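First comes the structure, then the notes that go with it.
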Amino acid sequence: ILNVDFGAYRKRVMDSPWVADVSIRRVLPSTVVLRVVERVPMAVARLGPQLYLVDSTGAIMDEFSPQYREFDLPIVDGLVAASRSGPVADAARVLLTGRFIDALGSRPDLRKRVSQVDVSNERDLVAILDNGPEALHLGDARFVERLTTYFEISQTLHEQFSELDYVDLRFDERVYVRPRGRSAAAVKK
């Protein structure tokens, strides 16, 4: 037990993208204590046709495949970019995505309705719901409040406009709506 190279074993365990941290220590006379901290996927990041599991630190854990279907995670565009060494997550966009997902943690009813997220613009998170094609511009804060506003007015919007391209909820007293094939219109809340 005294001759074991814990550094080598730690490195081998840390080679797994699912492992965030490992600590190994001796407890004499004959015990080795191993503590492993696993990464938890936060989102499924899309880069072209490929999907990746990404955690809250931006670590790319694995390519998304059917074996991970138990994870109910939004698909996020704009989170990762290609580099010479492979896909890399953008730190500012990881933080924005994390704030959005954390905010929706208090409202699982809203979280279940979000299908896709686009963080290409780090100041304007765009959400797409599972029941409609329109993009919801939510900005970079007050996500739950803005989604709630959308659900409060969505029936009225769909009565006034047959098909919507986007709904911009970033402004306090106004909601901007762009019907498909037409220019944007302001609607007072």
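Can you work out the FRET efficiency for the pair Glu152 and Thr57, with r the C-beta to C-beta distance and R0 = 30 Å, to the nearest 0.05? Computed FRET efficiency for Glu152 and Thr57: 0.30.
Which stretch or stretches of the stretch 82-123 have amide N atoms under 20 Å from the point lying 7 Å from Asp72's Cα along the Cα→Cβ direction? Taking a point 7 Å out along Cα→Cβ of Asp72, the residues of the stretch 82-123 whose backbone N falls under 20 Å are 98-118.
Remark: the Gln50-Leu95 segment gains 14.0 nm on full extension, using 0.36 nm per residue and subtracting the alpha carbon distance. Shown for the chain: the carbon plus sulfur share of the solvent-accessible area, taken with all protein chains present and a 1.4 angstrom probe, equals 50%.
Positive-end ranking of Ala45, Leu28, Gly58 along the dipole of the stretch 15-64, with charges on Cβ about the Cα centre, is headed by Leu28.
Annotation note: chymotrypsin sites (Phe, Trp or Tyr not before Pro) in the stretch 33-134 located in DSSP loop regions with a Cβ neighbour count of at most 14 within 10 Å are Phe71.
If r is the Cβ-Cβ distance from Asp109 to Ser85 and R0 is 41 Å, what FRET efficiency results, to the nearest 0.05? Mind dumping the intermediate values first?
Values: r = 40 Å, r/R0 = 0.97.
Given R0 = 41 Å and the Cβ-Cβ separation, E is 0.55.
Each Cα pair under 8 Å and six or more residues apart adds its sequence gap; the mean of these over the residue count of the stretch 37-134 is a relative contact order of 23 percent.
Mind listing which trypsin sites (Lys or Arg not before Pro) in the stretch 49-114 are in a DSSP loop and have 13 or fewer other Cβ atoms within 10 Å?
Details: sites: Arg69, Arg84, Arg93, Arg99, Arg111, Lys112, Arg113; in loops: Arg69, Arg84, Lys112, Arg113.
Of the trypsin sites (Lys or Arg not before Pro), the ones in loops of the stretch 49-114 whose Cβ has at most 13 other Cβ atoms within 10 Å are Arg69, Arg84, Lys112.
Hey, got a sec? Which GluC sites (Glu not before Pro) in the stretch 1-107 land in a DSSP loop and have at most 14 other Cβ atoms within 10 Å?
Working: sites: Glu38, Glu63, Glu70; in loops: Glu70.
Within the stretch 1-107, the qualifying GluC sites (Glu not before Pro) (loop, at most 14 other Cβ atoms within 10 Å) are Glu70.
The values are calculated or read from the model by the stated rules, or taken from the named source; none is laboratory data. Predicted model, so just to flag it, every value in this text is computed and none were measured. Ideal geometry is used to build each Cβ from the backbone, glycine not excepted, and the neighbour counts take in all protein chains shown. Heads up: the accessible areas ignore ligands, DNA and RNA and are worked out on the full protein's heavy atoms, side chains in. Shrake-Rupley method; radii C 1.70, N 1.55, O 1.52, S 1.80 Å.
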